[in-house]
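Right, one structure below, let's go through it.
The values are calculated or read from the model by the stated rules, or taken from the named source; none is laboratory data. On a predicted model such as this, the values are computed, not experimentally measured, just so you know. Counting neighbours? That spans all protein chains shown, and the Cβs are built from the backbone with ideal geometry, glycine included. Each accessible area value is taken on the protein alone, full model and side chains, heavy atoms only, with ligands, DNA and RNA left out. Shrake-Rupley method; radii C 1.70, N 1.55, O 1.52, S 1.80 Å.
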Amino acid sequence: QRIGLHWVERFMEWQKDTLKVKWTQALEKCRTQVLNLMAVKEFFEELIRIVERYDIRLENIYNMDEKGVQLGVGGSITAIIDRDLKMAYNIEEGSREHVTILEVACMDG
C-alpha cells in the first residue's frame, strides 16, 4: 500500500508523547566519537583527582572553549527525535574550511 500524503503528520500525532521535530546543528564526524555523557563524566572525575593529588591552586586552572565555524556548510535540516533529547546533529565530513573562535578563563576569575 502506498504511503499517504499526510502520513508524517499522522505519525507525529500518534507519537506526540515520545517524539518531536527539531532543527539539527552541524557537527563534524570526528567529534561524535567523544560527544557522550560517559566521556565527559570520566574527564571531570579525572580532572578532580589530578587537582587534588597535585594540590593545584585555582589561579593555575584555566578553561578554554572553542567554537568552530565551518564555512560553506548548508543550513540545518529538521529531524524527528526523542522528546527528551535537547540537541540533534547533522553529521558533516569536516572537509570544508574551518574558522575557530577561542575563549579562555581562569578558575579564580
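What the table below lists for this structure:
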{"quantity": "Number of the condition not met by residue 61 [criteria: (1) at pLDDT below 80; (2) open to solvent by less than 100 Å² (accessible area, probe 1.4 Å)]", "calculated": "(1)"}
{"quantity": "Any hit, the range 69-84, residues being at pLDDT 90 or above, surrounded by 11 or more Cβ atoms within 10 Å (Cβ to Cβ) and either of a type outside the set (Asp, Glu) or touching a Leu at 6+ places or on another chain (Cβ under 8 Å) (or both)", "calculated": "no"}
{"quantity": "Among residues of the range 1-43, those that are outside any loop (DSSP other than H, G, I, E, B) and either exposed (fewer than 10 other Cβ atoms within 10 Å of the Cβ) or basic (Lys, Arg) (or both), counted", "calculated": "10"}
{"quantity": "Residue selected from the range 44-70 under the condition assigned to a helix (DSSP H, G or I) and within 22 Å of the chain's Cα centre (by Cα), by the criterion nearest to residue 85 (Cα to Cα)", "calculated": "44"}
